[in-house]
Amino acid sequence: MKELILDGAKWITRDDVYDSFFAAVGAPSWHGRNLDALNDSIAGRQINRIEVPYKLVLRNFDLIGPGALKVANDFIDLIHELAEGGTPVEIVVEKAK
């Protein structure tokens, strides 16, 4: 399974969360910036350059800025929901070392 690294230490705004994920999966520039669009592109496939199966490793979770924390938590919840529904995706959340 491919492992994609996301660095929460660089997340200050909600757009930072999307930008980080989009860069990791090679999302097109027109990709929507909401949970429905993320759901469609991960579970529906054929949108991003890198498709599931993959494991997302979110590092430095405790360093995420307050402006990005809600969307980061919503993103984590979405990945868990997708995995529970059978989409071959995982997420591991790590604190700063």
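Quick note: the coordinates plus some simple rules give every number you see, no bench work behind them. Keep in mind it's a predicted model, so treat the numbers as computed, not measured. Note that each Cβ is placed from the backbone with ideal geometry, even for glycine, and that neighbours are counted across all protein chains shown.
Out of the range 1-91, which trypsin sites (Lys or Arg not before Pro) are coil in DSSP terms and have no more than 10 other C-beta atoms within 10 Å?
On the way: sites: K2, K10, R14, R33, R45, R49, K55, R59, K70; in loops: R33, R45, R49.
For trypsin sites (Lys or Arg not before Pro) across the range 1-91 that sit outside H, G, I, E and B with at most 10 neighbouring Cβ atoms in 10 Å, the list reads R49.
I want to check the label-to-label distance for V57 and L69. Put each point 7 Å from Cα in the C-beta direction and report it in nm to one decimal.
If labels sit at V57 and L69, their model points lie 2.6 nm apart.
Counting only helical runs of four or more DSSP H residues, what would the 222 nm mean residue ellipticity of the chain come to if each run contributes -39,500 (n - 2.57) and the total is spread over all its residues?
Working: 3 runs with 40 residues, N = 97.
Taken over the chain, the calculation gives -13000 deg cm²/dmol.
Label-point separation (nm) for A83 and R49, each offset 7 Å from Cα along Cα-to-Cβ?
About 2.6 nm, to one decimal.
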